[in-house]
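Visitor: Structure in structure tokens, see below.
Each reported figure results from applying straightforward, stated rules to the coordinates on display, with no laboratory input. These figures come from a predicted structure and were not determined experimentally. As a convention, Cβ positions derive from the backbone with ideal geometry for all residues, glycine included, and neighbour counts pool all protein chains shown.
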Amino acid sequence: KRKHFVAPSILSADFAHLHDDIVMVNQSEADWFHIDIMDGVFVPNISFGFPVMASIAHYARKPLDVHLMIVEPDKYIKQFREAGADNITVHLEACTHLNRTVQAIKELGCTAGVAINPSTPVSHLHEIIEDVDLVLVMSVNPGFGGQKFIDTTYRKIRELKDLAADRNDQLLIEVDGGVNSHNALALLKAGADILVAGNSIFAAKNPIHTIAELKRITPD
Ligand code: DX5
Ligand code: ZN
């Protein structure tokens with residue numbers, strides 16, 4: 001089994017000292033930067049946009065995993081790519097022509113992901129799973145960091161793992177929301193490949209140590 005990734009969510013960083021937190025992630029065992037973009041329409045919160053994203057890209061020494069929690073993502077994917085995105089994930093619930101959006105992301109030369117909300121069944125991915133590099137399973141209702149993990153996520157990841165075994169064995173399964181060192185092992189056992197963690201990393205006394213702890217967990 002391939003080694004899992006850890007992706008610290010910058011939403012939980014200290015925005016007045018963003019450079020410090022970016023350097024911390026650079027120096028840590030983290031694999032990706034997870035960047036949450038919220039528009040106040042798809043989710044009831046607004047995070048940050050292109051200037052902040054470009055500033056992160058300027059200092060980040062690891063791939064940027066951009067999670068778009070916005071309506072009409074097609075309008076902005078090119079700009080996010082230009083701002084430094086290596087992976088762009090859109091929400092299934094925000095896309096009328098999901099296949100078109102996924103193809104457009106891939107044409108920009110980055111990998112494409114689809115995210116599903118806690119209330120969206122895995123079965124809704126049947127017609128897109130072969131075309132995506134990654135599926136992000138939301139384990140909280142998107143919009144805020146620091147929320148409580150929803151337990152039905154384990155079953156969804158197992159179901160997605162089975163579907164991927166049939167249709168796309170290269171698929172990366174990412175889990176996002178309320179991930180910490182207590183539930184990480186069960187998530188990896190269920191089939192997760194990428195652990196996104198915001199609060200559990202940035203609110204920790206020693207974030208570098210917490211990242212190392214999340215990396216060290218092995219499902220075998
Ligand atoms: C939630 C975001 C998450 C969030 C995770 O809408 O998509 O990436 O920042 O933060 P924690 O780990 O604190 O739940
Ligand atoms: Zn996210």
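Visitor: Where the centre of each part is set by its Cα atoms, how far does segment 50-93 sit from segment 118-137, in angstrom?
Guide: When both Cα centres are located, 20 Å separates them.
Visitor: To continue, here is another question. For a quick check, take a GNM of the chain with Cα springs below 10 Å and name the residue from ALA203, ALA190, ALA13 with the largest mean-square fluctuation.
Guide: Maximum among the listed residues: ALA203.
Visitor: Continuing with the same structure: Return the single residue from ASN117, ASN26, ASN206 with maximal mean-square fluctuation; model: Gaussian network over the chain, springs between Cα atoms under 10 Å.
Guide: Maximum fluctuation in the GNM of the chain, among the listed residues, is at ASN206.
Visitor: Also, I was wondering about something else. Quick check on the chain: what are the equivalent-ellipsoid semi-axes from the Cα gyration tensor, as sqrt(5λ), descending, whole Å? Intermediate values should be presented prior to the final figure.
Guide: Details: eigenvalues 109, 95, 48 Å².
Value: 23, 22, 16 Å, ordered largest first.
Visitor: Give, in nm to one decimal, the length gained when the segment between LYS78 and GLN103 is fully stretched (0.36 nm per residue of separation minus the Cα-Cα distance).
Guide: Separation in residues times 0.36 nm, less the Cα-Cα distance, equals 7.8 nm.
Visitor: While we're here: In straight Cα distance, which lysines are under 28 Å from LYS106, not counting same-chain residues fewer than 8 positions off?
Guide: LYS1, LYS3, LYS62, LYS75, LYS78, LYS156, LYS161
Visitor: Additional query: Starting from the Cα-Cα distance between VAL23 and GLN170, subtract it from 0.36 nm times their residue separation and give me the gain in nm to one decimal.
Guide: On the way: separation 147, 0.36 × 147 = 52.92 nm, distance 3.05 nm.
So the chain would gain 49.9 nm between VAL23 and GLN170.
Visitor: I've got another one for you. Between ASP162 and ARG2, what FRET efficiency follows from the Cβ-Cβ distance if R0 is 22 Å, with the result rounded to 0.05? All intermediate terms of the calculation are to be shown ahead of the outcome.
Guide: Details: r = 18 Å, r/R0 = 0.80.
It comes out at approximately 0.80.
Visitor: Within segment 5-216, what percent of beta bridges assigned by DSSP are antiparallel, to the nearest 5?
Guide: Roughly 5 percent of the DSSP beta bridges within segment 5-216 come out antiparallel.
Visitor: Determine, from the Cβ-Cβ distance of SER119 and THR218 and an R0 of 25 Å, the FRET efficiency 1/(1 + (r/R0)^6), rounded to the nearest 0.05.
Guide: 0.20
Visitor: Sorted by mean Cβ packing within 10 Å, highest first, what order do the peptides 135-142, 67-74 take? Each step should come with its number before you reach the end.
Guide: Details: 135-142: 23.4, 67-74: 20.8.
The densest-packed peptide leads the list: 135-142, 67-74.
Visitor: Let me ask you something else. Among ALA212, MET24, CYS95, whose Cα lies farthest out toward the positive end of the dipole of the chain, if unit charges sit on the beta carbon of Lys, Arg (+1) and Asp, Glu (-1)?
Guide: Comparing the listed Cα positions along the dipole, ALA212 ranks first.
Visitor: Arrange the following residues from fewest to most other Cβ atoms within 10 Å of their Cβ: ASP151, ASP131.
Guide: ASP151, ASP131
Visitor: In debye to the nearest 20, how big a dipole does the chain give about its Cα centre with +1 on each Lys and Arg Cβ and -1 on each Asp and Glu Cβ?
Guide: 420 debye
Visitor: Report Rg(Cα)/(2.2 N^0.38 Å) for segment 1-101, keeping two decimals.
Guide: Working: Rg = 13.8 Å, N = 101, 2.2 N^0.38 = 12.7 Å.
In units of the 2.2 N^0.38 Å rule of thumb, it is 1.09.
Visitor: Next question. Report the relative contact order of segment 108-220, percent, no decimals, based on alpha-carbon pairs under 8 angstrom and at least 6 residues apart.
Guide: About 23 percent, as a whole number.
Visitor: Given a 10 angstrom Cα cut-off, can you work out which residue in LEU134, LEU171, LEU108 is the most mobile in a GNM of the chain?
Guide: With Cα springs under 10 Å in the chain, the top fluctuation among LEU134, LEU171, LEU108 is at LEU108.
Visitor: Sorting LYS215, LYS156, LYS189 on the 10 Å Cβ count, fewest up front, what's the list?
Guide: Details: LYS215 18, LYS156 23, LYS189 14.
Ascending number of Cβ neighbours within 10 Å: LYS189, LYS215, LYS156.
Visitor: Given an 8 Å cut-off on Cα distances and at least 6 residues of separation, report the relative contact order of segment 5-216 as a percent.
Guide: Once divided by the residue count of segment 5-216, the mean separation gives 21 percent.
Visitor: Now for a separate question. Of PRO73, VAL43, SER55, which is farthest towards the positive pole of segment 1-135's charge dipole, taken about the Cα centre with +1 and -1 on the beta-carbons of Lys, Arg and Asp, Glu respectively?
Guide: Toward the positive end, the furthest listed residue is SER55.
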